[in-house]
1. Taking only protein heavy atoms and a 1.4 Å probe, what accessible area per residue, in Å², does the chain have with all protein chains in place?
2. Under 5 Å between amide H atoms, partner at least 5 residues away or on a different chain: which partners does ILE292 have, H built in plane at 1.01 Å?
3. Relative to the longest principal Cα axis of the chain, at what angle does helix 245-254 sit, 0 to 90 degrees, rounded to 10?
4. Could you order TRP234, TRP171 by accessible surface area, starting with the largest, using a probe radius of 1.4 Å?
5. Which FRET efficiency value, to the nearest 0.05, do you get for ALA125 and SER193 by plugging their Cβ-Cβ distance into 1/(1 + (r/R0)^6) with R0 = 25 Å?
6. At a 1.4 Å probe radius, carbon and sulfur cover how many percent of the accessible area of the chain?
7. Starting from the amide H of VAL51, placed 1.01 Å from N in the peptide plane, find each other amide H under 5 Å away whose residue is 5 or more places distant or on another chain.
8. What is the Rg over Rh value, at two decimals, for the stretch 197-334, using alpha-carbon atoms and the Kirkwood definition of Rh?
Amino acid sequence: MHLDNSWTASHISPMTTGEESTIARHPIGVVADRTRLSQDVLRVWERRYGVVEPGRSASGQRLYSDADIERLRLLGLATGAGRSISLIAPLPTAELEQLVREDADARKVERGPEPDAPPPSDILAPALERIVALDGPGLELMLRRTLLTAGLPAFLDSVATPLLRRLGDEWHAGRLAPSQEHLGSAIVQRVISAALLTVTAPPGAPNLVIATPAGERHEIGAVLAAAAAASEGWRVTYLGADLPARDIADAAVRTDATAVGLSIIYVTDRKAVIAEVRALRELLPASIQLLIGGGASAALASELAMRGVRVLAGLGDLRHAMRGEIALPDSAPA
């Protein structure tokens, strides 16, 4: 059927043009789903950097346009590639789009085609075999090759974290000797620590001080957190394990830290650990947020519920905090 073009043109609503993308009609939950950014991060980015200016419904609820969602999606991709939100927030959307495209092209060139490379998670079984055999050099070579092909974020999520969890489970079940568990953990830590030396924070990047509190000698959780933060474009001041609250606070002030991260893996003296965390919170300026993570942190969450302290569920939660610089736990609702 032939349509008269003059009829079509004269009866098209102007809202079907580019103006439609500026209509504020999407609630924050839809935006979070489409951009894969948490609602906390969205609010912090708006409040601190003015990345978008959402409209409001009659009841005061935030409403976003299609153009807002696209801009936020691009910002999420750029920060996911390691760029700091504070540096890219002022860029126009067109420049953000070009930046994201350039980052994607650069990753393709750096990694090259890997048609025969197995998914990172596929090396867990052979890695465990090398640990059982106490084959340290073979394990380290395998992990380094996987890190190079997968990249640091994917390596942390798909290899290091599940492998360390498996080591703990096997050791507790009596299927691994202490020597085997120690060898595996030490090599994972060494590979990640070496990768950290190759990550350079951009100028003006916020600083995160990472340590474990006095009495906590297990360092691997802190190393994982340091690598995750560095891959998000943060500058990391890594202090290591078993450090008193006063020394951690002093380092945070001296380095003008935005936040302090503590890793707590095992708790042998619950009261002592809680006392250290509370002492650190009191010693830190109110402007420096305190992030607590690690295998034992969830069990301490109720006792650490205080202003300026955030207990993280894992590396994904840490990344959301890094991208929000820092998404406060007491952020106002939409």
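1. With the other protein chains kept in place, the chain gives 51 Å² per residue.
2. LEU262, ARG310, VAL311, LEU312
3. 40
4. So, going from the largest accessible area down, we get TRP171, TRP234.
5. Efficiency for this residue pair is about 0.55.
6. 54
7. GLU46
8. Rg/Rh for the stretch 197-334 comes to 0.93.
The values are calculated or read from the model by the stated rules, or taken from the named source; none is laboratory data. The model shown is predicted, which means the values in this text are computed figures rather than measured ones. We place every Cβ from the backbone using ideal geometry, glycine too, and count neighbours over all the protein chains shown. Side chains included, ligands, DNA and RNA excluded: accessible areas come from the protein's heavy atoms. Shrake-Rupley method; radii C 1.70, N 1.55, O 1.52, S 1.80 Å.
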